[in-house]
Amino acid sequence: MDNYFLFFIEVIGTIAFAISGIRMAAAKNFDWFGAYTVGLVTAIGGGTVRDVLLDIPVFWMQTWWYLAVTGLAFLIVLAMRKMSVRRGHVLFIFDTIGLALFVVIGIQKSFAAGYDPWVAIGMGMITGSFGGVVRDILINEEPLFFRKDIYATACIAGGIVYWVIMALGGSDIFQQIFCAATVITLRVLAVKYNWELPRLKLDDHK
């Protein structure tokens, strides 16, 4: 049952991240193949890095489902073209959902592979963030991961919440729900209240 649920949330996360990538590619006037490719890379990039680092089979190479799910995301974007929703809002919603779910996936797969909590938290951040990094590079944007925006920090916070609940004996479902909720809440609050990390500034003129 756990494996099926893990697969389910990975598919949902894949759809969410793929939609964010495809929409960003569309905003740059990519053609259909280019947009699909950006969506696919966004969806599988972080998980690929994670699996390589954990020395386990790369998830999307085990089944064609992820390629098909990205195709479904592409069709969803086509169907949503006429919707009167601000592009920034749509991108934020799907990017945040994908981020939260992939953090959960990264943490769970790391624990399943026998790694310590600090590794699992790092892999959660990588799984959630690195697909977006590659996406932004491909479309020639400064990656969100390196901006003042609360992004990687939200992943780490979600991972810590996951570990704390696990240490307290909470069930798997509570670990997953509160981890994802933490990531989503921090992202929403950061945007609403303009939270940001301090910028590194070096004044060489002093």
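The values are calculated or read from the model by the stated rules, or taken from the named source; none is laboratory data. All figures in this text were calculated on a predicted structure; none of them were measured in a lab. Heads up, the Cβs are rebuilt from the backbone with ideal geometry, glycines too, and the neighbour counts pull from every protein chain shown.
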Answer yes or no: is there a residue in segment 49-69 that is small (Gly, Ala, Ser) and farther than 24 Å from residue 143 by Cα. yes
Could you tell me whether segment 128-150 includes any residue that is surrounded by fewer than 19 Cβ atoms within 10 Å (Cβ to Cβ), touching a helix residue (DSSP H, G or I) at 6+ places or on another chain (Cβ under 9 Å) and farther than 30 Å from residue 31 by Cβ? no
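Rundown of residues vs (1) of a type in the set (Gly, Ala, Ser); (2) without any contact (Cβ under 8 Å) to a residue 40 or more places away in the chain; (3) at positive phi; (4) loosely packed, with under 15 Cβ neighbours inside 10 Å, yes/no style:
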site: 38; (1), (2), (3), (4): no, no, no, no
site: 71; (1), (2), (3), (4): yes, yes, no, yes
site: 74; (1), (2), (3), (4): no, no, no, no
site: 77; (1), (2), (3), (4): no, no, no, no
site: 81; (1), (2), (3), (4): no, yes, no, yes
site: 89; (1), (2), (3), (4): no, yes, no, yes
site: 98; (1), (2), (3), (4): yes, no, no, no
site: 104; (1), (2), (3), (4): no, no, no, no
Close pairs from segment 1-28: first at positive phi and at pLDDT 85 or above, partner surrounded by 14 or more Cβ atoms within 10 Å (Cβ to Cβ) and in a loop (DSSP other than H, G, I, E, B), Cβ under 8 Å, at least 6 apart: none
How many residues are within 18 Å of residue 9 (Cα to Cα), of a type in the set (A, V, I, L, M, F, W, C) and surrounded by fewer than 20 Cβ atoms within 10 Å (Cβ to Cβ) when one looks only at segment 158-189? 6
Would you tally the residues in segment 26-85 being farther than 19 Å from residue 109 by Cβ, assigned to a helix (DSSP H, G or I) and not aromatic (Phe, Trp, Tyr)? 20
